Amino acid sequence: MRTIQIAILVHPHCVGSSATAPADVFSIANAIVRRRPAAEQVRFTSTWVSAQGGTVTLRNGVSFATTAIADTAWDALMVPGIDVDSTRELAAALEQLAAEREALRAHAGRALLAANCNSSYLLAEAGLLAGRRCTTSWWLGNHFSQRYPDVTLQSDQILVQDGSILTSGGVTAYLDLSLWLVGHFGGAALRQITAKVLVTDSNRLSQSPYVAAALAQGRGHAVVEQARRWLNQHLDDEWSMEDLAKACHTSARTLLRRFRDAVGLSPVQYAQQLRVERAKGLLESTRLSLEAITARCGYEDVSTFSKVFKRWTDVTPREYRRRFGLRA
C-alpha cells in the first residue's frame, strides 16, 4: 500500500475549516480504499504543520498542535485560506505571515503545493507565482490582478494547476482542492466515489455562477465611483458613453480608461454585469417567467438575455434557477 503524506500549513490567520475539512476528505477516501483490492490501495495521512511548530491558535480561539514544516515529510503541502473581511485586513495579515512566506519559499519545488482561496496571495508574496497561472477567491479578482501584475489570474476557474502549484477559488473550494489530490494520487474512480460520499460535485470547473458583483468590486477614482452610481440608477435606461461621460463631467475616452483600470471592465460590460446580478436575484427568489425576468433586466428578447447571462455565469438562466432557485 502506498502512503501519501499531506501536510496542511496552519497559521493564526487561516480559515479553520480550510485546515480541518481536507483531513476529513482524506479520511473518507481512506475508508473507501479499504473496500478496494490490495493492489489498488493507497493511504492518505494528513498532518498539521506550521512555520515553527508547536501550538497555533486561530482568531476564533481554536488551537492546533503542529509540527515544524522543516521536520515533516510530505507529498503535497496544502495552504488554507486567510480569514479576513477586507483587502485592508488581508494586507495586514500578509505582513504578519513573514515566517510562513519564508517557509513556502524554502520548500518550493519539493512537492505539490496546493493553495486554497486567498492563500494564493501568500504564494504570490513569496514570489512563487511570478509568470504562472492561478486562481483566487472571486471577490478579490481585481485587487489580486492589480497587486500582482506578473501573475496570470484566471479568477473564473475553481482550480488552476501550473506545474507543481495548484490554486483553488473561494473558501469551500478546499473540497475541490482535496478531491483533486485524492484523484491525483488515488485515481479518478476514488475521487468520484469520495465526492459522492461528500455529496459534492467533483467536476465543478467555474466559480462564475457564485459571483456577486457588488462584493467583487473595489474602489477606484472618484469619477469611477460617480459612474458606478449613475449606472446603478439608470440600469433600466438606454444610454451611451457620451451620456455617461457628460454625467461624470469628463470625456468618454478618459472615463473609459479610468473605468477599465479600476474595475477591469468597460462601463457597458459593468452594466451587463449589474443586469445579470438583478436576474440572478429574481431567479433565486421569485417564480417569475423567464420572459418577465428578461424584461425587468432591460432586454427585449429571451435569447439575447440568455446569451449575456451565460457569458457572465457559465450557465443558462434555467440551469441557474434549477441550482439556486426556490424549492417547491
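A short reminder: the numbers here are calculations on the coordinates, not readings from a lab. Keep in mind that this is a model prediction, so the values were computed, not measured. Here the Cβ positions follow ideal geometry from the backbone for every residue, glycine too, while neighbour counts run over all protein chains shown.
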Find the relative contact order for the stretch 6-48 and round it to a whole percent, using C-alpha pairs within less than 8 Å whose residues are 6+ positions apart. 56 percent
Given contacts defined as C-alpha pairs under 8 Å and at least six residues apart, what's the relative contact order of the stretch 213-324, whole-number percent? 23 percent
Straight-distance crosslink candidates among lysines, where the alpha carbon sits under 21 Å from Lys310 and sequence neighbours closer than 8 are dropped: Lys280
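Sorted from fewest to most neighbouring beta carbons within 10 Å, what does the list Ser27, Ser86 look like?
Details: Ser27 12, Ser86 9.
Sorted ascending by nearby Cβ count, the order is Ser86, Ser27.
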Give the relative contact order (percent, whole number) for the chain; include only Cα pairs under 8 Å separated by 6+ residues. 13 percent
State the extension gain, in nm to one decimal, for the chain segment bounded by Glu102 and Glu242, taking 0.36 nm per residue of separation less the distance between their alpha-carbons. 45.3 nm
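Which of the peptides 15-21, 136-142, 161-167 is most tightly packed, and how do the rest follow, judged by the mean count of other Cβ atoms within 10 Å per residue?
On the way: 15-21: 20.9, 136-142: 23.6, 161-167: 18.6.
Top of the packing list down: 136-142, 15-21, 161-167.
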Neighbour-count ranking [beta-carbon atoms within 10 angstrom, fewest first] of Asp201, Asp83: Asp201, Asp83
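In what sequence do His234, His143 fall when counting other Cβ within 10 Å, fewest first?
Final ranking by Cβ density, sparse to dense: His234, His143.
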